[in-house]
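Data first, discussion second: the structure below is written as structure tokens.
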Amino acid sequence: MLAEIKGLNEECGVFAIWGHEKAAEVTYYGLHALQHRGQEGAGVVTTDRENLHLHKGLGLINEVFAGGEFNKLNGNAAIGHVRYATAGGGGYENVQPLLFRSQRDSLAIAHNGNLVNAYGLKQQLEAQGSILQTSSDTEVIAHLIKRSGQIELDEAIKSALSMVKGAYSLTILTETQMFVAVDPKGLRPLSLGKLGDAWVVSSETCAFDVTGAEYVREVEPGELITISDTGLHSQRFSSTLERSLCSMEYVYFSRPDSDLNGQNVHASRKKMGKVLAQEAPIEADVVTGVPDSSISAAIGFSEATGIPYELGLIKNRYVGRTFIQPSQELREQGVKMKLSAVRGIVKGKRVVMVDDSIVRGTTSKRIVRMLKEAGATEVHVRIASPPIQNPCFYGIDTSTTSELIAANHSIEEMRELIEADSLSFLSVDGLQDCIVGDNDVMTHGICKACFTGNYPTEIYPDTVLPAYKC
């Protein structure tokens, strides 16, 4: 993916396992499958039923676990996390899982998402004497659990979750139990699987395939699952609400081999391309997709129009992480380093360039120029999602409204800015149909707030795009 240079980043991924003798090693492979969800830090916590053991660090998962760390991660249960840090949110202290020790017991938390009322909760906690050690929303949950006054930990967790608002997929590990929870709207994905007799939890099902686990079901919105040596117990901490799974998981973030909410990501993206072709047809010679997340939509566009699909753009997979930076200067340089146009394919051709989204427009402009410099006579840009006109407050690093090109320009103005011969976006209704189809929105609904401005939760007056979300 081009997340690093497009300004669109998923915040993190979580993986957990209970009841496997190689828990740390399996978690490592699970996190490796989720690496696309976060590339700035990784960590694993295990339990041997008496103590929690932590190893975490900055960098990719294979960099953090480059030595003999597994020898120190004893136990047959583990939770793990990969993260992406936005501006100002870096630092070892924010790398998850976060581990909290106390005289009675300890707990570790791994969190995917963002709490929209975190700022107010932090003020309350600090006024009550809490000393926060990180800038992460996740620490708020730990303090609320410990301050709940509940003796049973599942009740303490339910009490804490009743106070937080926003998006979260959580895994919590103690010496003797694991807890799994998803916010009442189901904004962030989380699935449950089995590996032999072991229970496995992952942000995406692609990690099940890598580790050999079998998919069981999704963790339901508002559900709290307790896993221990006595088995699995499910209970609800919230009434059933209409689901609002992030639509950008389908458009961009999730791996194409993952299944979310009963829908395969590749199949959904391919359908987006087909509907886009129906909504915005164009005469051209070749169709090409921007690697990697746009390939499925480009194939669908090609099939629907009969225009041949070609590899008109090639991704350089050996660019170092130096270019995974939030600065605009390095983002623009990263386009040249990461992509190349195939001159022999596009020269003298009318090219349809299919992409998943446009955030600032800088990357689109450079790719259009790249194709024309390689000899394309026309470049028609087709975007397999609606225009992004609103920031996300649920754990995706979208820009502020002032930086979103679609929030400040008409489609014709955007076309001129990116120097394309034509520009069209998938409609909101088209996106809805491609992901939800005829399914019940109560159980299969999606969040479209970045396109429509209709947020599925309350957005508080002090809700901001925080430096570090999960």
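The values are calculated or read from the model by the stated rules, or taken from the named source; none is laboratory data. All figures in this text were calculated on a predicted structure; none of them were measured in a lab. Note: ideal-geometry Cβ built from the backbone for every residue, glycine included; neighbour counts use all protein chains shown. Ligands, DNA and RNA are stripped out before the accessible areas are found, and what is left, the full protein with its side chains, is counted by its heavy atoms. Shrake-Rupley method; radii C 1.70, N 1.55, O 1.52, S 1.80 Å.
Just for strands (runs of 3 or more DSSP E) wholly inside region 162-233: which have at least 1 residues that are at pLDDT 95 or above and open to solvent by 30 Å² or more (accessible area, probe 1.4 Å)?
191-195, 198-202, 214-218
Take the residues in region 91-105 that are at pLDDT 90 or above and surrounded by fewer than 23 Cβ atoms within 10 Å (Cβ to Cβ), then tell me which one is nearest to Ile396 (Cα to Cα). Give the steps one after another, and end with the answer.
Taking region 91-105 and keeping what is at pLDDT 90 or above, we get 95-101.
Still in the running and surrounded by fewer than 23 Cβ atoms within 10 Å (Cβ to Cβ): 99-101.
Details: Leu99: 24, Phe100: 26, Arg101: 30 Å.
Among those residues, the one meeting the criterion is Leu99.
Here is a yes/no grid of residues against (1) of a type in the set (Ser, Thr, Tyr); (2) farther than 21 Å from Leu170 by Cβ:
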{"residue": "Gly13", "(1), (2)": "no, no"}
{"residue": "Tyr29", "(1), (2)": "yes, yes"}
{"residue": "Gln35", "(1), (2)": "no, no"}
{"residue": "Val44", "(1), (2)": "no, no"}
{"residue": "Gly68", "(1), (2)": "no, yes"}
{"residue": "His81", "(1), (2)": "no, no"}
{"residue": "Val95", "(1), (2)": "no, no"}
{"residue": "Gln103", "(1), (2)": "no, yes"}
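Give just the number: which of (1) open to solvent by 10 Å² or more (accessible area, probe 1.4 Å); (2) without any contact (Cβ under 8 Å) to a residue 40 or more places away in the chain does Asn117 not satisfy?
It is condition (2) that Asn117 fails.
Tell me, yes or no, whether region 453-470 has at least one residue that is surrounded by fewer than 21 Cβ atoms within 10 Å (Cβ to Cβ), modelled with pLDDT of 90 or more and not in a loop (DSSP other than H, G, I, E, B).
no
Looking only at residues that are touching a residue at least 24 places away in the same chain (Cβ under 8 Å) and surrounded by fewer than 15 Cβ atoms within 10 Å (Cβ to Cβ) in region 390-418, which one is nearest to Arg350 (Cα to Cα)?
Ile411
In region 281-302, how many residues are farther than 20 Å from Ser254 by Cα and not in a helix (DSSP H, G or I)?
Residues in region 281-302 being farther than 20 Å from Ser254 by Cα and not in a helix (DSSP H, G or I): 8 in total.
For the subset of region 362-389 comprising residues that are of a type in the set (Lys, Arg) and free of Cβ contacts under 8 Å to residues at least 60 places away in the same chain, which member is farthest from Val428 (Cα to Cα)? Give the derivation first.
Here is the first cut: in region 362-389, the ones of a type in the set (Lys, Arg) are 365-366, 369, 372, 382.
From the residues that got through so far, the ones that are free of Cβ contacts under 8 Å to residues at least 60 places away in the same chain too are 365-366, 369, 372.
Numbers: Lys365: 24, Arg366: 26, Arg369: 28, Lys372: 30 Å.
By that ranking, first place goes to Lys372.
Read through the list (1) farther than 30 Å from Met442 by Cβ; (2) surrounded by fewer than 24 Cβ atoms within 10 Å (Cβ to Cβ); (3) out of contact with any Phe, Trp or Tyr (no Cβ under 7 Å at 6 or more places or on another chain), then give the number of the only condition that Ala108 fails.
Only one criterion in (1) farther than 30 Å from Met442 by Cβ; (2) surrounded by fewer than 24 Cβ atoms within 10 Å (Cβ to Cβ); (3) out of contact with any Phe, Trp or Tyr (no Cβ under 7 Å at 6 or more places or on another chain) is unmet by Ala108, namely (2).
Testing Ile225 on (1) under 30 Å from Gln432 (Cα atoms); (2) within 20 Å of the chain's Cα centre (by Cα), one condition comes back false. Which one is that?
Status for Ile225: all satisfied but (2).
Any idea how many residues of region 277-290 are farther than 13 Å from His380 by Cα and touching a Ser or Thr at 6+ places or on another chain (Cβ under 8 Å)?
Number satisfying all stated conditions: 1.
Can you tell me which residue is farthest from the chain's Cα centre (by Cα) among those in region 433-452 that are surrounded by fewer than 17 Cβ atoms within 10 Å (Cβ to Cβ) and modelled with pLDDT of 95 or more?
Asp433
Suppose we keep only residues that are more than 20 Å from the chain's Cα centre (by Cα) and open to solvent by 10 Å² or more (accessible area, probe 1.4 Å) within region 30-55. Which one would you say is farthest from Gly13 (Cα to Cα)? Before the answer, list the steps.
The initial filter retains those residues of region 30-55 that are more than 20 Å from the chain's Cα centre (by Cα), namely 45-55.
Checking which are open to solvent by 10 Å² or more (accessible area, probe 1.4 Å) leaves us with 48-51, 53-55.
Values: Asp48: 24, Arg49: 25, Glu50: 27, Asn51: 24, His53: 20, Leu54: 17, His55: 17 Å.
Only one residue tops the list, namely Glu50.
Quick grid of which residues meet (1) closer than 19 Å to Asp429 by Cβ; (2) without any contact (Cβ under 8 Å) to a residue 40 or more places away in the chain; (3) of a type in the set (Ser, Thr, Tyr):
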{"residue": "Leu245", "(1), (2), (3)": "yes, no, no"}
{"residue": "Pro256", "(1), (2), (3)": "no, no, no"}
{"residue": "Val265", "(1), (2), (3)": "no, yes, no"}
{"residue": "Ser268", "(1), (2), (3)": "yes, no, yes"}
{"residue": "Lys274", "(1), (2), (3)": "yes, yes, no"}
{"residue": "Gly306", "(1), (2), (3)": "no, yes, no"}
{"residue": "Glu310", "(1), (2), (3)": "no, yes, no"}
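Mind listing whichever residues of region 234-276 are within 19 Å of Arg188 (Cβ to Cβ), part of a strand (DSSP E or B) and either open to solvent by less than 20 Å² (accessible area, probe 1.4 Å) or modelled with pLDDT of 95 or more (or both)?
Ser234, Arg236, Leu245, Cys246, Asp259, Leu260, Asn264
Need at least 1 residues that are modelled with pLDDT of 95 or more and surrounded by 19 or more Cβ atoms within 10 Å (Cβ to Cβ) per element, so show me which helices (runs of 4 or more DSSP H) inside region 303-389 make the cut, counting only ones lying wholly within it. So that I can check it myself, show each step before the final result.
Numbers: elements: 328-338, 343-346, 362-373.
It comes to 343-346, 362-373.
Restricting the first residue to region 51-66 and requiring it to be closer than 23 Å to Arg101 by Cα, which pairs with a second residue that is open to solvent by less than 30 Å² (accessible area, probe 1.4 Å) and polar (S, T, N, Q) meet a Cβ separation below 8 Å and a spacing of at least six or different chains?
From residues that are closer than 23 Å to Arg101 by Cα, the pairs are Asn51/Ser106; Leu52/Thr46; Leu52/Ser106; Leu52/Thr174; His53/Thr46; His53/Thr47; Lys56/Gln96.
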